[in-house]
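Here the structure comes first, spelled out in structure tokens, and everything after it is commentary.
Quick note: the coordinates plus some simple rules give every number you see, no bench work behind them. The shown structure was predicted, so the numbers you read here are calculated from the model rather than taken from an experiment. Don't worry about glycine lacking a Cβ; one is built from the backbone with ideal geometry, like all the others, and counts go over all protein chains shown.
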């Protein structure tokens, strides 16, 4: 069970870093992000996470804010998995 938690935590970290990279490329491309190949690659890889965040958010939330919502969701998932991992490790040590 600990192995599953570690893998899920790693996937959450990876997806979060991809979203951070996408945001960084967006900020550094000065409005030409849609023609940037790296940005389009990040958008392709992070699209499943963003779609899940879009389905969880109300329709009033603007589409440009959904990647930030996805990042915050991943952060809370990562925090929960970190807590679960440490509690499982402490349980095994006792």
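For segment 2-93, what's the relative contact order in percent, using C-alpha pairs closer than 8 Å and at least 6 residues apart? If you can, show how the numbers build up before the last one.
Working: 59 pairs, mean separation 39.3, N = 92.
With pairs under 8 Å counted, the relative contact order is 43 percent.
Enter the angle in degrees (range 0 to 90, nearest 10) between the Cα long axis of helix 66-93 and the first principal axis of the Cα atoms of the chain, meaning the one along which they spread out most.
Once rounded, one gets 10 degrees.
Give me the distance in nm between label points sitting 7 Å out from Cα along the Cα-to-Cβ direction at residue 4 and residue 93, one decimal.
Between residue 4 and residue 93, the label points sit 2.4 nm apart.
Using a 10 Å cut-off around each Cβ, can you sort 30, 41 from fewest to most neighbouring Cβ atoms? Intermediate results must be reported in sequence, preceding the final value.
On the way: 30 7, 41 14.
Exposure proxy ranking, most exposed first: 30, 41.
If you fit an axis through the alpha-carbon atoms of helix 37-56 and take the longest principal axis of the Cα set of the chain, what angle between them do you get, 0 to 90°, nearest 10?
60
Report the paramagnetic label zone for residue 45: residues of segment 10-28 whose backbone N is under 15 Å from a point 7 Å from Cα along the Cα-to-Cβ axis.
Hits in segment 10-28 for residue 45 at 15 Å: 10-26.
Using just the C-alpha positions of the chain as equal point scatterers, what log10 of I(q)/I(0) does the Debye formula give at each q in 0.10, 0.23, 0.25 1/Å?
So the normalised log intensities are -0.33, -1.12, -1.22.
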